[in-house]
Each structure stands twice: as structure tokens, then as C-alpha cells.
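A.B. asks: What follows is a structure written as C-alpha cells; I'll ask about it next.
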Amino acid sequence: MDAWESLVAETQDEGVITEVIRPAAVLPEESARAVLMQLALRDVRLGGVWDTEPALWRRFDSSWSGDHDQDASAQLLGSIQVAYGVPTRYEITIFRATVTRVGSEAGWTVEKLCDDALQYGALTLASCPRADLKPPPKPFRYEAAGRS
């Protein structure tokens, strides 16, 4: 089962908390670089608790015992869905976070999960810059030529 199938299965479980971050949190270039570096150093395959992919950061309760795919003894606490290069080339946007049933039972919240990753960029979810939401454009109205 890949990460997306696992995420879908977890979101259908009771006790799962999913929150859409509105407006989306945007990590500036410097913070994004620091967060990515620190999460890589804390990889579950290297004795850490984070498994990162370009669209999904997953937080486990313990590291994996080998350098293979997910270890059955490590429990997924939550995941953060991100988009790299949005809104600008070197920024990262956080738009959704999910805390699993196991994470919820252990006292994790969406804010705590995001703060755990963002701390490496000297940010919290509350202090993170937000996406600039612009109102949608006005609908196109066709006016026939010569009409008064």
C-alpha cells in the first residue's frame, strides 16, 4: 500500500482529524530550506521520525528498524500535505494536515503536528505567513454591440 492509499484508509477511520489549512500556510525560502534539511536529517530510515516526499510529510512515533519501506512497529501519527514551488519557486505551501487515530489518542493535534515540522524553520502554524487570497474575477458579461 502506498502513502496515498494509506492516507485514504486512515481518513475513513474514526478518531482521524483532517484540517484544510485556510488560508494556506506558506514557508518562505529560507525557512523552507531549513525545514527540508532538518526533516531529511530526521528521516525514519536514519533513526528519526519523519518520512518526507514531495507532496506529503509523514510523522511516525518511532523510527523504522531497517532501511526498507515502512516498519510495522512504527505507528503513523499524522501527515502534512504540501506543494513545493508554490506560490513561488522556492516556497512551500502547507494546505492540509491529518492526525491519525493513533496520533489523536497520543494527544497530537493538527497544530502540534505542523508545529513539529515548522519549528526547524523558526515558525509555528500560527506565525507562518499565509497565502494571499484574491477575490475571484468578475463574471464575463457579453453586451451586444449597438445595444443601449
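A.B. asks: Considering segment 99-120 alone, what residues qualify as being surrounded by fewer than 22 Cβ atoms within 10 Å (Cβ to Cβ), touching a residue at least 40 places away in the same chain (Cβ under 8 Å) and not hydrophobic (A, V, I, L, M, F, W, C)?
C.D. replies: R101, S104, E105, T109, D116, Y120
A.B. asks: Given the criteria on the phi < 0 side of the Ramachandran plot, in contact with an Asp or Glu (Cβ under 9 Å, 6 or more places away or on another chain) and among the aromatic types (F, W, Y), does Y120 qualify?
C.D. replies: Numbers: on the phi < 0 side of the Ramachandran plot: yes; in contact with an Asp or Glu (Cβ under 9 Å, 6 or more places away or on another chain): no; among the aromatic types (F, W, Y): yes.
Taking the combined requirement at face value, the residue does not satisfy it.
A.B. asks: With respect to L113, determine if the residue is touching a strand residue (DSSP E or B) at 6+ places or on another chain (Cβ under 8 Å), among the hydrophobic types (A, V, I, L, M, F, W, C), in a helix (DSSP H, G or I) and under 16 Å from L56 (Cα atoms). Spell out the reasoning first.
C.D. replies: Numbers: touching a strand residue (DSSP E or B) at 6+ places or on another chain (Cβ under 8 Å): yes; among the hydrophobic types (A, V, I, L, M, F, W, C): yes; in a helix (DSSP H, G or I): yes; under 16 Å from L56 (Cα atoms): yes.
When the stated conditions are applied, L113 passes them.
A.B. asks: Shifting gears a bit: Could you list all residues from segment 117-142 that are part of a loop (DSSP other than H, G, I, E, B) and closer than 22 Å to M37 by Cα?
C.D. replies: Going through segment 117-142, the residues part of a loop (DSSP other than H, G, I, E, B) turn out to be 122-129, 131-142.
Passing the criteria: A122, L123, T124, L125, A126, S127, C128, P129.
A.B. asks: Output the residue which, of all residues in segment 57-106 that are among the small types (G, A, S), over 16 Å from R45 (Cα atoms) and in a loop (DSSP other than H, G, I, E, B), is modelled with the highest pLDDT.
C.D. replies: Narrowing segment 57-106 to residues among the small types (G, A, S): 62-63, 65-66, 72-74, 78-79, 83, 85, 97, 103-104, 106.
So of that shortlist, the ones also over 16 Å from R45 (Cα atoms) come out as 78-79, 83, 85, 97, 103-104, 106.
From what is left, the residues that are in a loop (DSSP other than H, G, I, E, B) are 85, 106.
Values: G85: 92, A106: 96.
So, considering only residues that are among the small types (G, A, S), over 16 Å from R45 (Cα atoms) and in a loop (DSSP other than H, G, I, E, B), the one modelled with the highest pLDDT is A106.
A.B. asks: Further question on the same structure: Do you know which residues across segment 14-35 are surrounded by 19 or more Cβ atoms within 10 Å (Cβ to Cβ) and in a helix (DSSP H, G or I)?
C.D. replies: Result: S31, A32, V35.
The values are calculated or read from the model by the stated rules, or taken from the named source; none is laboratory data. For clarity, every value in this text was computed on a predicted model and none was experimentally measured. A quick note on method: Cβ atoms are made from the backbone with ideal geometry, for glycine too, and the neighbour counts reach across all protein chains shown.
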